[in-house]
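**Student:** Okay, handing you the structure first.
The numbers here are math on the coordinates, done by the rules we state, and not lab data. Everything quoted here is computed from the prediction, not taken from an experiment. Every residue, glycine as well, gets a Cβ built from its backbone with ideal geometry; the counts of neighbours run over all protein chains shown.
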Amino acid sequence: MDTVRITVAGTHTFVARLERDRAPQTCAHFMEMLPYRQQLIHVRWSGEACWIPLGDFLLPVGVENATCYPAPGEILFYPGGFSETEILLPYGPTCFASKMGQLAGNHFLTIIEGAEGLQDLGSLVLWHGAQEIVFTEHNQ
């Protein structure tokens, strides 16, 4: 399987391509976590993005396809280290950062369907708070 379905608040659905060639370890470990259900909240320091804080959870991978400036729909998994582990979902201009400063996360998913709904998703989370997000296998 090369795609993942992402559903937020039961109303926003996206399909994302796994970046297996560029982030193989990150993709493999993430796929082992599916189905994955969590809360999505708005970022504090990174601009127009939402994130899933994972606290002390450590993703056992190194740097793969890392970026500080993901485009809307380029989802990052920060494996922990300088800041807490997290998944970042940009919906607009983003410079990935934490209270510790700028970070680089592993770009492991790219939204290929539903991207036109990213701005609405960002507004929902910004103005209405935490929303449930669910990642599942996408059967094409």
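**Student:** For segment 3-137, compute the orientation-averaged projected area of the C-alpha convex hull (one quarter of its surface), in nm².
**Tutor:** Working: hull surface 27.5 nm².
Orientation-averaged projected area of the Cα hull: 6.9 nm².
**Student:** Net charge near Leu34, counting Lys/Arg +1 and Asp/Glu -1 over other residues with Cβ under 14 Å of its Cβ? Kindly include the intermediate steps, with their values, before the conclusion.
**Tutor:** Numbers: positive: Arg5, Arg37; negative: Asp2, Glu32, Glu137.
Its environment carries a net charge of -1.
**Student:** So how do Tyr91, Tyr69 line up by other beta-carbon neighbours within 10 Å, fewest first? Intermediate values should be presented prior to the final figure.
**Tutor:** Details: Tyr91 25, Tyr69 13.
Going from least to most buried by this count: Tyr69, Tyr91.
**Student:** Moving to a separate point now. Please compute the net charge surrounding Asn139, taking Lys and Arg as +1 and Asp and Glu as -1 over other residues with Cβ under 12 Å from its Cβ.
**Tutor:** Working: positive: Arg5; negative: Asp2, Glu137.
With Lys, Arg at +1 and Asp, Glu at -1, the neighbours total -1.
**Student:** Add +1 for every Lys or Arg and -1 for every Asp or Glu among the other residues with Cβ under 11 Å from the Cβ of Leu89, and state the total.
**Tutor:** Net local charge, Leu89 excluded: -3.
**Student:** For segment 59-139, would you read off the P(r) tail past 20 Å as a percentage of all alpha carbon pairs? Write out the running numbers ahead of the final one.
**Tutor:** Details: 1185 of 3240 pairs.
Result: 37 percent of Cα pairs exceed 20 Å.
**Student:** Would you mind checking which residues have amide H under 5 Å from Cys50's amide H? H placed 1.01 Å from N; only 5 or more apart, or other chain.
**Tutor:** Residues meeting the criterion, in which the H sits 1.01 Å from N, are Val43, Leu89, Tyr91.
**Student:** Something else about it: Sum -39500 (n - 2.57) across every DSSP H segment of at least 4 residues in the chain, then divide by the residue count to get the 222 nm mean residue ellipticity, nearest 500.
**Tutor:** Working: 2 runs with 21 residues, N = 140.
Calculated from helices alone, the mean residue ellipticity at 222 nm is -4500 deg cm²/dmol.
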